[in-house]
């Protein structure tokens, strides 16, 4: 991609592709797209650049939201935010700690909301967003960052809520502590909180950034859009853009239970196969995102690999706050970026991290 000033169509494709790789989480694509549209309507530019476009003395940071993806408890009578743009406020707070301006942003994860938020603040600050991210998909905790694989601290960090909380984390003892701090503030704020962290110089960025994922999102979004326009199968078009992607099952959501607890959406969904898939049943355990999947009771997708529930007619990703019983879905699996298969990656993103008594088996090896 080198350095690209995105068109509105590319922005729409980006959010569509990021929602798919968001594996049920990653923030609200509607809010993400609306925010990016506002930035464009203000005459600002949304620029995505390869990591090589940055200078050796540049610093990039990762802005995102932390909180449950469950539907908001407050739909009416919500007070005017004390901090209308908490991400901008968090960037300013972190810059004051760093003693310098940041040169670019990098998405902490791929998702319709969080990737868009990262691009939107870059546009407002007139800096580029890196063509890459720190996860290659969406994940529920701060643990799921490549900074943990390469032993890089995410601190110093700025945490700001719409309600007016402004917190600077200079350091943390363990990643568990940092996760707990950010998650607690999101619960206190009754929804979500803006976080800006992972200030990376270029040497660290070359280790941590999974490069090319923004271009990949645009490609996925474009492929599904073009397939719909041509009357072709959009799910097949999406699968063609994934690593080892394949359909696990096509059917209807027969059961979906969830609860909003401690700043996470925890859920369990069952999809019963129809037609040629009638003999199969797929189940996914959710922690904001789809994490672990079974087909007919046997593991068929293990974290960190991807589980995506797509709308069959459009190929669009379905976020877990919108998932409902009776929905027709295509269940798609794919392999996560290989960096997560390192021991340090599986320690924070493998099945045992989430409490499942399985040794990780790559998606392309599992049979379903």
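Anything in segment 1-28 that is under 29 Å from residue 140 (Cα atoms), in contact with a strand residue (DSSP E or B) (Cβ under 9 Å, 6 or more places away or on another chain) and assigned to a loop (DSSP other than H, G, I, E, B)? List them, or say none. Across segment 1-28, the qualifying residues are 1, 6, 22, 23, 24, 25, 26, 27. Residues in segment 232-252 that are in contact with a strand residue (DSSP E or B) (Cβ under 7 Å, 6 or more places away or on another chain) and surrounded by fewer than 19 Cβ atoms within 10 Å (Cβ to Cβ): 242, 243, 244, 246, 247, 252.
Would you confirm, using the coordinates I've provided, whether residue 303 is in contact (Cβ under 8 Å) with a residue 40 or more places away in the chain, buried (at least 18 other Cβ atoms within 10 Å of the Cβ), closer than 22 Å to residue 263 by Cα and touching a helix residue (DSSP H, G or I) at 6+ places or on another chain (Cβ under 9 Å)? Write out each step before concluding.
Values: in contact (Cβ under 8 Å) with a residue 40 or more places away in the chain: yes; buried (at least 18 other Cβ atoms within 10 Å of the Cβ): yes; closer than 22 Å to residue 263 by Cα: yes; touching a helix residue (DSSP H, G or I) at 6+ places or on another chain (Cβ under 9 Å): yes.
When the stated conditions are applied, residue 303 passes them.
Is it the case that segment 98-106 has a residue that's surrounded by 24 or more Cβ atoms within 10 Å (Cβ to Cβ) and either farther than 17 Å from residue 29 by Cβ or at pLDDT 95 or above (or both)? First the steps, then the outcome.
Of segment 98-106, the ones surrounded by 24 or more Cβ atoms within 10 Å (Cβ to Cβ) are 105-106.
Narrowing further to those that are either farther than 17 Å from residue 29 by Cβ or at pLDDT 95 or above (or both): 105-106.
Yes - at least one qualifying residue is present in segment 98-106.
Restricted to segment 152-258, the set of strands (runs of 3 or more DSSP E) holding at least 1 residues that are in contact (Cβ under 8 Å) with a residue 60 or more places away in the chain and within 27 Å of residue 318 (Cβ to Cβ) comprises 192-200.
Does residue 56 qualify as being part of a loop (DSSP other than H, G, I, E, B) and in contact (Cβ under 8 Å) with a residue 60 or more places away in the chain? Break it down stepwise before answering.
Working: part of a loop (DSSP other than H, G, I, E, B): yes; in contact (Cβ under 8 Å) with a residue 60 or more places away in the chain: yes.
So residue 56 fits the description; yes.
Within segment 321-368, the set of residues being at pLDDT below 95 and within 17 Å of residue 146 (Cα to Cα) is empty.
For segment 329-350, check the following and say yes or no: at least one residue is within 28 Å of residue 276 (Cβ to Cβ), in contact (Cβ under 8 Å) with a residue 40 or more places away in the chain, surrounded by fewer than 23 Cβ atoms within 10 Å (Cβ to Cβ) and more than 21 Å from the chain's Cα centre (by Cα).
Residues of segment 329-350 that are within 28 Å of residue 276 (Cβ to Cβ), as a first pass: 329-336.
Then keep just the ones that are in contact (Cβ under 8 Å) with a residue 40 or more places away in the chain; that gives 329-336.
The next check asks that each one be surrounded by fewer than 23 Cβ atoms within 10 Å (Cβ to Cβ); those that pass are 329, 335.
Going one step further and asking which of them are more than 21 Å from the chain's Cα centre (by Cα), we end up with none.
For segment 329-350, residues within 28 Å of residue 276 (Cβ to Cβ), in contact (Cβ under 8 Å) with a residue 40 or more places away in the chain, surrounded by fewer than 23 Cβ atoms within 10 Å (Cβ to Cβ) and more than 21 Å from the chain's Cα centre (by Cα): absent.
Residue check: is residue 43 at pLDDT 95 or above and either touching a helix residue (DSSP H, G or I) at 6+ places or on another chain (Cβ under 6 Å) or farther than 21 Å from residue 130 by Cβ (or both)? Yes, satisfied. Scanning segment 1-39 for residues that are buried (at least 24 other Cβ atoms within 10 Å of the Cβ) and free of Cβ contacts under 8 Å to residues at least 12 places away in the same chain turns up nothing. Being part of a loop (DSSP other than H, G, I, E, B), under 22 Å from the mean Cα position of the chain (by Cα), closer than 21 Å to residue 2 by Cα and touching a residue at least 60 places away in the same chain (Cβ under 8 Å) is the requirement here; does residue 109 meet it? Yes.
The values are calculated or read from the model by the stated rules, or taken from the named source; none is laboratory data. Source: prediction; values computed, not measured. FYI the Cβ positions are ideal-geometry reconstructions off the backbone, even for glycines, and counts take in every protein chain you see.
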